[in-house]
Every structure is written in C-alpha cells, then in structure tokens.
1. Sorting check: for 202-208, 156-162, which peptide has the highest mean count of neighbouring beta carbons within 10 Å, and how do the rest follow?
2. For region 154-311, which semi-axes, largest first and in whole Å, follow from the square roots of 5 times the eigenvalues of its Cα gyration tensor?
3. Here are some pairs, Lys82/Lys106; Lys141/Lys270; Lys82/Lys265; which of them have Cα atoms lying more than 27 Å apart in this structure?
4. If you filter region 3-62 for chymotrypsin sites (Phe, Trp or Tyr not before Pro), then keep DSSP loop positions with at most 13 other Cβ within 10 Å, what is left?
5. Dimensions of region 60-104 along principal axes (Cα, Å, largest first)?
6. Regarding the chain, what whole-number volume in Å³ per residue does the convex hull of its Cα atoms give?
7. What list do you get for His91, His121, His260 if you sort them by fewest beta carbons within 10 Å?
8. For region 125-180, what is the Kirkwood hydrodynamic radius in Å, using each pair of distinct C-alpha atoms?
Amino acid sequence: MKLSESDSQIYQLIKKEIEREEYSLILIASENYVGEDILDAMSCVLTNKYAEGYPSKRFYSGCRYLDEIESIAIDRAKELFKAEHANVQPHSGSSANMAVLHGVLKPGDRILGMDITHGGHLTHGARASFSGKFYSSFGYKVSRETEMIDYEEVERVAREVRPRLIIAGASAYPRFIDFERFRKIADSVGAYLMVDIAHIAGLVVAGEHPDPVRHAHFVTTTTHKTMRGPRGGLILCKEEFAKAIDAAVFPGIQGGPLMHVIAAKAVSLKNAMTDEFKEYQRQIIKNAKHLCASMEKKGYRIVSGGTDNHLFLVDLTSKNITGKEAQEALERSGIMLNRNLIPFDTKGPNITSGIRIGTPAVTTRGMKEPEMEIIAELIHRVLERIDDGAFQDEVKEEVKALCSRFPFYAKIYPL
Ligand code: DSN
C-alpha cells in the first residue's frame, strides 16, 4: 500500500517538509540536499535485512548481496580517503566517535578535545555526552586574539593533562586545521590522535582542505554534510587498529547495520570520486568566502576575520541582537541557520552571541557568488528589522522567488 493511503498524516508532513526544503535558503553548515540516487538507495528493501557481523562473517543467512554492497562501500571509502581500513557501519558521526573511544580506551582514560564552547563537538568530551561522562575529558580553546587554534596552547595543555587520546576536528571552526602539528603533539605525549572530519570530509577528499588520513591513527566522519550522502558515519584507521575498531562498532556499540544506508553510502562515495564533486567542493568554499566578505562589508564582525572552509561565524554583539533572536527572525523569513556560541561567549548555548552560516546546501542548488550577495542582503535586512514580523513574511516571498530560480526537489517531486 502506498504511504499516501496507509498514513496520510505522515505523508502530508513529508510533503510539507519537501516544500520547506525547496523554498528555504538552507545555510545550516551541517545540512545538505541528497540526490535521487541516494534517496533511492535509502528507501529500498535492504531495510528488511539483518546482517550483524561483517562481509563473509555474518550471523544471519541470506547476506550474499549485502556482503557485496558493504564490500563495495568499504573499498570505495579506502580508495577515496586513501585509508588502510574502513568501517562503514556507524549509524552516525557520534557513533563513529563512540566506537573509536570504546575501541582503544578504558573508561576513565583521559581525552583532550576542542572545547564545545569554542567549536568542538559534544562527542569530543563535553560533560553532557558519553565522552565526558565515561572518560576523563579536558578541552583546548582557541586564542582570544586570533580566535584560531593556538597549537602551542594545545601542546601546553596536552603536556599538563597527558591524555591517552587527542581529538582534532570541530563543528563550528572556520579555519584550516594543521593535522600534522596535532600528530606531533600527540606523539610528544604518547597519545593517539583521532581526527573528526564530519564537517569537512568533502573538502578533504576534493583536496580543498589539509588531509588528516596519513597523520591520524583514526579518522571519523559523517557521510552527509559536505559529503552529500545519507545520514551516517564512517571510521578510517590504520590496519593495525582494524580489528579493535570493527569489534568496537559491532558488537561493541551497535547491533545490525543499516544496510540501506550503507548502500547509499557506497553511492555517495562513488559520486565523491568525480570531477563534478571536486568542482562542487571548490564552489562551496568560494561561496562561503564571498558570503562572509559580503556580511563583513555590511558591518558584521566575523569570528577570526574570515573562513577557509564551508562555514563562518558572525558575532552579533555590536548589533545588540542575540543568536537566538537572529535565528528565529531569519527562520520566519525562510532563511535557515543556527545560533552558535562564539569563542569566549558571555551568553549560554540557548541564547548565544553568534550565528553559524554554511554554504554546502545552497551550493548544491547551483547558487554562486551573485546569489551569495543577495543572501547577505536578505540576512542584513531581516536583522535590521528584527522585530518586524510582517516584513519577515515579505522577505520569505523573496526567498521563495530566489529558491524557485534554483529548483532541486521540484525537479523530482510534484510541488
Ligand atoms: N549537529 C551537527 C552540526 O550541526 O554541526 C554536528 O553533529
């Protein structure tokens, strides 16, 4: 039975979400639009199948085709990232990070990651997460002057803390990260280095960001975000850790793999090998730099003064607007982004002094530098009239008109 017949309530809500995504400017740095091939792979009969274990070593019968699919995904991941070993089963980036910690550490071991209030992720040791509860976690911060990672400071903290594992990588950091330097710091204190490239994986494989794979003991990523694949996770490591990592994912922290998602991961890894994908990554960065410069020209302070990657942070302090107020007014105008703490923020994570802006999704739609100028102008006009709901409704119509010039799901679904 069709979904429209069996559950019209859910069917209608999905239709509304397709429309929302089509007619919004998605500037949430971690979001993207997947293509029809990814949607096809994810919504297929592979969801029916249990396949605990790994190719040729399953606990269930009937895994012949799944073995082939997972092996293709593994081989493509190894080829694309030039890695010795890949595990494609983590359900998410958080699961990938959890598996590495579970695989090589004991509860209570010390870890050192980027402080969440300075751009790190929950799973890099934040108190609210397993990573801060089961492990003894410490954080490094960015420099107050440059708002960039101060490698000497990381080294100083590492010497003081003597962690078993150091985590490099971030969720809200607009600058290149020097992974070679991180490895030197890790070696100097006898720590493992795990690099989380969830945000920048697409840029890395396209050669647009320094590559951590040869420097790190473990690299984790998500397969959505700049990779533009299905929502999921992936772990890369040296061969010597392959057994420990595989055992940590299954049976360590997960049961049956999501084989429909693994099939979609394989498709996205193939897509990421194309020249079109490399060009897409270059445009993401060009768009981020252009949008960032356009905002700066309009008088906004940009954290660290710019961006090297797909995102940047805007400090709204001098505008007397909180990140929360900005996020809400922009959402009403059809512009989706998230409030974000800025380094040394005096406000909490629910209010914040900043917003995070990313370009992967608008770039997927085909938008380029001229559209970035229009977007900066739209954001500026909304923020100037932050309390004017009627004006925000008017802007929403302009956003819709801009989005209509760059159709994406309108080409697949009747809207
Ligand atoms: N939620 C993701 C982000 O927005 O950066 C990280 O997991």
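1. On the way: 202-208: 21.3, 156-162: 15.3.
Those peptides, ordered most packed to least, come out 202-208, 156-162.
2. Working: eigenvalues 157, 115, 32 Å².
Each semi-axis is √(5λ); the values are 28, 24, 13 Å.
3. Numbers: Lys82/Lys106 29 Å; Lys141/Lys270 36 Å; Lys82/Lys265 17 Å.
Flagged as over cut-off: Lys82/Lys106; Lys141/Lys270.
4. Details: sites: Tyr11, Tyr23, Tyr33, Tyr50, Phe59, Tyr60; in loops: Tyr23, Tyr33, Tyr50, Phe59, Tyr60.
In loop regions of region 3-62 (DSSP not H, G, I, E or B), the sparsely surrounded chymotrypsin sites (Phe, Trp or Tyr not before Pro) are Phe59, Tyr60.
5. That works out to 32, 27, 17 Å along the principal axes.
6. Numbers: hull volume 58.2 nm³, N = 415.
In the chain, the Cα convex hull volume per residue is 140 Å³.
7. Details: His91 16, His121 23, His260 20.
Least to most surrounded, the residues fall as His91, His260, His121.
8. Working: mean 1/r = 0.0802 Å⁻¹.
Mean inverse Cα-Cα distance, inverted, gives 12.5 Å.
Every read-out reported here was derived from the displayed coordinates using simple, explicitly stated rules and does not represent laboratory data. No experiment lies behind these values; they were computed from the predicted model shown. All Cβ positions, glycine included, derive from the backbone under ideal geometry; neighbour counts span all protein chains shown.
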